[in-house]
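Encoded as structure tokens, the structure appears first; notes follow it.
The values are calculated or read from the model by the stated rules, or taken from the named source; none is laboratory data. Predicted model, so just to flag it, every value in this text is computed and none were measured. Here Cβ is always computed from backbone atoms with ideal geometry, including for glycine, and neighbour counts include all displayed protein chains.
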Amino acid sequence: TREREQIASLADSVSNELSVSRIPGGKYALIYQYGGIFPKIYMKIGATPYGPFGEKIELWDTTKDINHPDLFTYNAKAHPAISEEGELLVSYNVNSFKFFDVIGDMPNLYRPRFIRVKFQPGN
């Protein structure tokens, strides 16, 4: 919109990086990481790429992957161009608040992780 009064938020506490992708059934999925660096990855579904979007659906809890007090995850987003039919490939990144202290013990730390979100036919 060009009217400032018509601006509306997509969702509460979305991350600074997110994605909106077309999904089966002609709808759109908003994929984001709650609050930027909190461990929950959510999806909201809407009829248009600009919303409104429905209730949040938890896709993944990244605490299963970090299991270290100095690590955090961030920047969850979908990659429809490299997703298989009927799914969305979602990536997120892992880093550390004390990067140089932990990288020697965790050389695979700083790389993306992926999850697949599969959609049921007709949904």
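Taking residues in the stretch 55-72 that are under 8 Å from Val94 (Cβ atoms), and partners anywhere that are part of a loop (DSSP other than H, G, I, E, B) and among the aliphatic types (A, V, I, L, M), the pairs with Cβ atoms closer than 7 Å and at least 6 places apart or on different chains are Phe72/Ile37.
Taking the criterion of being at pLDDT 95 or above and among the hydroxyl-bearing types (Ser, Thr, Tyr), the only residue of the stretch 63-85 that qualifies is Ser83. Among the residues in the stretch 16-23, are any part of a strand (DSSP E or B), in contact (Cβ under 8 Å) with a residue 40 or more places away in the chain and surrounded by fewer than 15 Cβ atoms within 10 Å (Cβ to Cβ)? Yes, the stretch 16-23 has at least one match. Filter the stretch 94-123 down to the residues that are of a type in the set (A, V, I, L, M, F, W, C) and not in a loop (DSSP other than H, G, I, E, B), then identify the one that is surrounded by the fewest Cβ atoms within 10 Å (Cβ to Cβ). It comes out as Phe100.
Can you spot a residue in the stretch 27-37 that is of a type in the set (Ser, Thr, Tyr), in contact with a helix residue (DSSP H, G or I) (Cβ under 6 Å, 6 or more places away or on another chain) and either at pLDDT 90 or above or surrounded by 14 or more Cβ atoms within 10 Å (Cβ to Cβ) (or both)? No, that holds for no residue.
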